[in-house]
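Here the structure is laid out as structure tokens; the discussion comes afterwards.
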Amino acid sequence: MQSKQKLDGLSEKIFLDRYALKNADTSGAKVGDTVLVLTKDDPKFPAKEVGEIISREGETVTVRTRSGEVVDSLVEKLTLNIEKTPEEMWDRLAAAMASVEATPEKKKEWTDKFRYILDDWKLVPGGRIAAGADASDELTLFNCYVVPSPRDSRGGIMSTLSEMTEIMARGGGVGINLSSLRPRRAVVKGVNGSSSGAVSWGGLFSYTTGLIEQGGSRRGALMLMINDWHPDLLDFITVKSTMGQITNANLSVCVSNGFMKAVKEDLDWELVFPDTTDPDYNDKWDGNLEAWKQLGKVVKPYRTVRARDVWHTIIESAWKSAEPGVVFMEYYNQMSNSWYFNPIICTNPCGEQGLPAWGVCNLSAINLSKFYDEQSHDVAWDELGMVVRYSTRFLDNVIDKTPYHFEENRINQQGERRVGLGSMGLAELMIKLKIRYGSPESLEFLDKIYAFMAREAYLASADIAAEKGSFEHFIADKFLQSGFMKNMTSVFPEVGTAIQQKGMRNVTVITQAPTGSTGTMVGTSTGIEPYFAFEYYRQSRLGYDKQYVPIAQDYKDKHPNEELPDYFVTSMSLSAEDHIRAQAAIQTWVDSSISKTANCPADFTVEETKNLYELAFDLGCKGVTIYRDGSRDVQVLSTENKDAKKEEADVTAAAEPVSTEEANAENNAEKASAEKAVTKADTVRSAPVATVNSEKLIKAEAEQVFDKQYKRRPQILRGATYKVNTPFGMAYITINDMDGTPSEIFLNVGKAGSDVFAMSEALGRVCSLFLRYGDHGDKVRLLVKHLKGIGGSGAIGFGSNRVESIADAVAKALEQHAEVMSDISDAEDFITATSEVVEASVSSLGSAAAVPSKSSSLVDDSGHTTPPVGVASKDLCPSCGSASLINSEGCKTCVNCGYSKCS
């Protein structure tokens, strides 16, 4: 019996906005229709709500939203849905996927079977399938693409740019490997010049991605990769430390087994590139170095580096900013079932699907939370096996149902029939089974359930091959020689037997993708990740209310006076090693790859990051991405004023968790930049005469005024770093004193390159200038007055510990600062300085107390310290504008509105 599915809140909004079939003609909207209405007509942060039309006069309608708000709107601005319930969508999808079957009887049989697995969200189709199947002949059902590496010419690069643009305009993400492009400064004989390099052209692809809107609500998604032998490797690894060069792409390095061997044995590593003067270069060079060598072609050495130095640069950059990721590409191809005819060259933007040139993602996810058997307190294995088998055929039929906008995509996909069946709801299922994610017991469970799913999917693909034929390039002996199949058949010999006898319909069948939007819509844990958090704050007309995810709420309702048991695990409560071990256990049974983020605490070290990456390689992961809470790119900024030399050893407060050396570099630049800006502004305001002499005189006078009113920073200051939980994540607020009063503030919130980081940095600079410039009364009290209580899109905490915004957090830190610093013995623990000052002063100070040793928590009205609850850093969501964008499963996802960059 098929269930009646009711959606509400965010689930209903996501369903109606993204996946339900739309009526393009809204002119017929009438009273009683359920619609999406624009409640905030903002070009950057528009907002929609679900509601019902309660009246209509001409082209104007009045809509009452689910929250009770009454909104007037023009009919043309409504989103009017043909499908209003999941049942209607399931009917459409089942019929669409069964329509490619050969006979009416088969169509009827598989319509019923597909409808069964879709019912109650047992199978949740990928976003493009849900939105596009039988909705339009123009809509692709594939989420992501990899295009061939660009031909190394202006025409080749422009051709790749055009292909990328066309795919993104239709909603697809794109992966590009840049290794085919000649390195920086390499000779280009045709124009008697030199190349700007692979990384520079990557900047072009990144810039164009930022211009493309997908569905009017998000930008295109792009993955850029480079191989570890390319001469521009180091430029690529560090490119995001250069402001603005590549801002709209994820970055990953393709690492070989040979490079990892050189790292472990501390060997040199050669950076090389083909001889571009070879007469066959333009026709035969496509970025595949091994294929070039096999042709007997010359490979020129460009530079010899120490492998460990390169590896450290990768690790340090990932520690600072979560990029670049690493894909163990040689190992990936050794494991790949297409190793003998179609090498993997890149992944899609979220990293879960390694693909050949012109390869595509064909994705759906089984909702594991639906397969808990309450009577046996176990997995409903028989039903799960049946759903896996039917789902494999569902995805295989997508290949014949979808339109192809590039003939190359059709030839490739119909030649290998790559599908990617994944999962969501894993964390919810494990909680129901009382298995703690990351524990030794959980690793055994993960091995069992994903081995079971892989076996069923492969047997199903073999059965389909017996009925419909194997994929075009199938050669049984070679297919069974892949690393993945050797492992599969050693555990399940019946799979090898079935493939030998029946063939294989699909070159791959398993992919663990992020399911941010669809998982949020369904109301379960996304992908293979633990829950990000069990409690959160939701804003309504009645204020902010603490809410729990459903499974946590159920437990709280039944056990109101108890804490959640230890098997309720969140991403940040797991160790990073637990994340990697869970990923490795699942990777064993995934023939493609996995979208997974290893979440690390803010104080995770570079050495720990290195150990984590090497553990991932040793355990057989195909790639690894970490996200360190509050991580930031450290960039050495410079001003255009080349004469602005450092006249004194500027000393800065090191805001946890950034090292003192890094803070010194940035804050010296901040000070030089801020001083230059003030001087320039004063000069402009005071320039009534247009002669050179008068301009110089005015500038000199302005500088004298500035020098008199601006308090120069001494070599060493005392201060404190306050750790405050804000709606944007954890803030580290460093306040340093001069002459007994605060004189500078440094803010560390979020990741460099994000809006949150930029606004926080600006706030700190402006506050510091205000505190150190001029003499106008109690500046601290004035600053607190103007900052305190400033609210944004969310708040966190209650009572005196309620924090409305980052500005409000600064005000609260300033309020308690005088009390903290009044105790001399206590204040000595808060001396802040750079490493240079520590080394120069350690003998006179007699200890290492010059390094910040602790940070304060918020203090309530009674004087009791309340440690803040840690949350991962968040950024502004481009869809709803709230501070709810988090890094999950290798993808930016909004926990408020369900927006996902990858889906």
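The values are calculated or read from the model by the stated rules, or taken from the named source; none is laboratory data. Remember, predicted model here, so these are calculated numbers, not experimental data. Here the Cβ positions follow ideal geometry from the backbone for every residue, glycine too, while neighbour counts run over all protein chains shown.
The residues listed here are 323, 330; of these, the one that is under 21 Å from residue 179 (Cβ atoms) and assigned to a loop (DSSP other than H, G, I, E, B) is 323. Residues of segment 713-750 that are in a loop (DSSP other than H, G, I, E, B) and either closer than 20 Å to residue 770 by Cβ or aromatic (Phe, Trp, Tyr) (or both): 713, 714, 728, 739, 740.
I'm trying to understand the selection: among the residues of segment 280-292, which are among the aliphatic types (A, V, I, L, M) and either free of Cβ contacts under 8 Å to residues at least 40 places away in the same chain or not in a helix (DSSP H, G or I) (or both)?
Selection gives 291 alone.
With respect to the conditions (1) surrounded by 22 or more Cβ atoms within 10 Å (Cβ to Cβ); (2) in contact with a Pro (Cβ under 6 Å, 6 or more places away or on another chain); (3) at pLDDT 95 or above, residue 227 falls short on a single one, namely (2).
I'm checking my understanding of the structure. Among residues of segment 92-114 that are of a type outside the set (A, V, I, L, M, F, W, C) and surrounded by 18 or more Cβ atoms within 10 Å (Cβ to Cβ), which one is farthest from the chain's Cα centre (by Cα)? Lay out the reasoning, then the answer.
Quick first cut of segment 92-114, residues of a type outside the set (A, V, I, L, M, F, W, C) only: 92, 99, 101, 103-109, 111-113.
Filter once more, keeping what is surrounded by 18 or more Cβ atoms within 10 Å (Cβ to Cβ): 92, 101, 111, 113.
Working: 92: 32, 101: 38, 111: 36, 113: 35 Å.
Of everything passing the filter in segment 92-114, 101 is farthest from the chain's Cα centre (by Cα).
A quick yes/no check of all residues on (1) assigned to a loop (DSSP other than H, G, I, E, B); (2) among the β-branched types (Val, Ile, Thr); (3) not assigned by TED's automatic domain parsing to the domain that holds residue 369:
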| residue | (1), (2), (3) |
| --- | --- |
| 16 | no, no, yes |
| 61 | no, yes, yes |
| 107 | no, no, no |
| 110 | no, no, no |
| 120 | no, no, no |
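Failed condition for residue 323, given (1) surrounded by fewer than 18 Cβ atoms within 10 Å (Cβ to Cβ); (2) charged (D, E, K, R); (3) on the phi < 0 side of the Ramachandran plot; (4) in contact with a helix residue (DSSP H, G or I) (Cβ under 8 Å, 6 or more places away or on another chain), with all others met? Among (1) surrounded by fewer than 18 Cβ atoms within 10 Å (Cβ to Cβ); (2) charged (D, E, K, R); (3) on the phi < 0 side of the Ramachandran plot; (4) in contact with a helix residue (DSSP H, G or I) (Cβ under 8 Å, 6 or more places away or on another chain), the lone unmet condition for residue 323 is (1). Scanning segment 781-811 for residues that are of a type outside the set (Asp, Glu) and assigned to a loop (DSSP other than H, G, I, E, B) yields a total of 12.
Okay, residues lined up against (1) touching a residue at least 24 places away in the same chain (Cβ under 8 Å); (2) over 26 Å from residue 400 (Cα atoms); (3) not in a helix (DSSP H, G or I):
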position: 446; (1), (2), (3): yes, yes, no
position: 452; (1), (2), (3): yes, yes, no
position: 458; (1), (2), (3): yes, no, no
position: 467; (1), (2), (3): no, no, no
position: 471; (1), (2), (3): yes, no, yes
position: 477; (1), (2), (3): no, yes, no
position: 496; (1), (2), (3): no, yes, no
position: 500; (1), (2), (3): yes, no, no
position: 505; (1), (2), (3): yes, no, yes
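Take residue 391 and tell me if it is of a type outside the set (Val, Ile, Thr), crowded, with 21+ Cβ neighbours inside 10 Å and within 16 Å of residue 455 (Cα to Cα). It is true that residue 391 is of a type outside the set (Val, Ile, Thr), crowded, with 21+ Cβ neighbours inside 10 Å and within 16 Å of residue 455 (Cα to Cα).
For the condition more than 24 Å from the chain's Cα centre (by Cα) and not β-branched (Val, Ile, Thr), what is the one hit in 325, 385, 359?
Unique residue meeting the criteria: 385.
Of the residues in segment 763-778, how many are of a type in the set (D, E, K, R) and modelled with pLDDT of 85 or more? So the answer is 1.
Residue check, residue 347 against (1) under 24 Å from residue 469 (Cβ atoms); (2) touching a strand residue (DSSP E or B) at 6+ places or on another chain (Cβ under 8 Å); (3) of a type in the set (Ser, Thr, Tyr), all met but one. Which one? Going through the list (1) under 24 Å from residue 469 (Cβ atoms); (2) touching a strand residue (DSSP E or B) at 6+ places or on another chain (Cβ under 8 Å); (3) of a type in the set (Ser, Thr, Tyr), residue 347 breaks only (1).
Among the conditions (1) in a loop (DSSP other than H, G, I, E, B); (2) buried (at least 21 other Cβ atoms within 10 Å of the Cβ); (3) in contact (Cβ under 8 Å) with a residue 40 or more places away in the chain, residue 344 misses just one, which is (3).
Here residue 307 meets each of (1) farther than 15 Å from residue 256 by Cα; (2) at pLDDT 95 or above with one exception, condition (1). Within segment 293-318, the set of residues being over 26 Å from residue 617 (Cβ atoms) and either in contact with a helix residue (DSSP H, G or I) (Cβ under 9 Å, 6 or more places away or on another chain) or part of a loop (DSSP other than H, G, I, E, B) (or both) comprises 295, 296, 297, 298.
Just checking, does segment 317-332 include any residue being of a type in the set (Phe, Trp, Tyr) and within 30 Å of residue 188 (Cβ to Cβ)?
In the first step, residues of segment 317-332 are kept if they are of a type in the set (Phe, Trp, Tyr); the result is 319, 328, 331-332.
Within this subset, residues satisfying the condition of being within 30 Å of residue 188 (Cβ to Cβ) are none.
No, because not a single residue in segment 317-332 is of a type in the set (Phe, Trp, Tyr) and within 30 Å of residue 188 (Cβ to Cβ).
When we screen 277, 304 for residues that are exposed (fewer than 13 other Cβ atoms within 10 Å of the Cβ), over 26 Å from residue 205 (Cβ atoms) and in contact (Cβ under 8 Å) with a residue 60 or more places away in the chain, the only hit is 277. For segment 155-181, a residue qualifies if it is in a loop (DSSP other than H, G, I, E, B) and modelled with pLDDT of 90 or more, and exactly one does: 181.
Considering only residues that are among the β-branched types (Val, Ile, Thr) and at pLDDT 85 or above, look in segment 714-740 and name the one that is nearest to residue 810 (Cα to Cα).
In this case the residue turns out to be 733.
Consider segment 571-604 and keep the residues that are part of a loop (DSSP other than H, G, I, E, B) and either of a type in the set (A, V, I, L, M) or free of Cβ contacts under 8 Å to residues at least 24 places away in the same chain (or both). The one that is surrounded by the most Cβ atoms within 10 Å (Cβ to Cβ) is 590. The combined condition, being in the same structural domain as residue 510 (by TED's automatic domain parsing) and of a type in the set (Gly, Ala, Ser), is not fulfilled by residue 322. On the basis of being within 30 Å of residue 875 (Cα to Cα), out of contact with any strand residue (DSSP E or B) (no Cβ under 7 Å at 6 or more places or on another chain) and not hydroxyl-bearing (Ser, Thr, Tyr), does residue 17 make the cut? No: the conditions fail for residue 17. Which one is nearest to residue 95 (Cα to Cα), of the residues in segment 413-428 that are in contact with a strand residue (DSSP E or B) (Cβ under 6 Å, 6 or more places away or on another chain) and part of a helix (DSSP H, G or I)? Of everything passing the filter in segment 413-428, 413 is nearest to residue 95 (Cα to Cα).
Is at least one residue of segment 431-439 closer than 19 Å to residue 396 by Cβ, modelled with pLDDT of 95 or more and crowded, with 17+ Cβ neighbours inside 10 Å? Scanning segment 431-439, I find no residue that is closer than 19 Å to residue 396 by Cβ, modelled with pLDDT of 95 or more and crowded, with 17+ Cβ neighbours inside 10 Å, so the answer is no.
The residues of segment 515-570 that are in a strand (DSSP E or B) and either of a type in the set (Lys, Arg) or modelled with pLDDT of 90 or more (or both), listed by number, are 531, 538, 546, 570.
It is to be established whether one or more residues within segment 310-327 are within 20 Å of residue 346 (Cβ to Cβ) and in contact with a Cys (Cβ under 8 Å, 6 or more places away or on another chain). The answer is yes; a qualifying residue exists.
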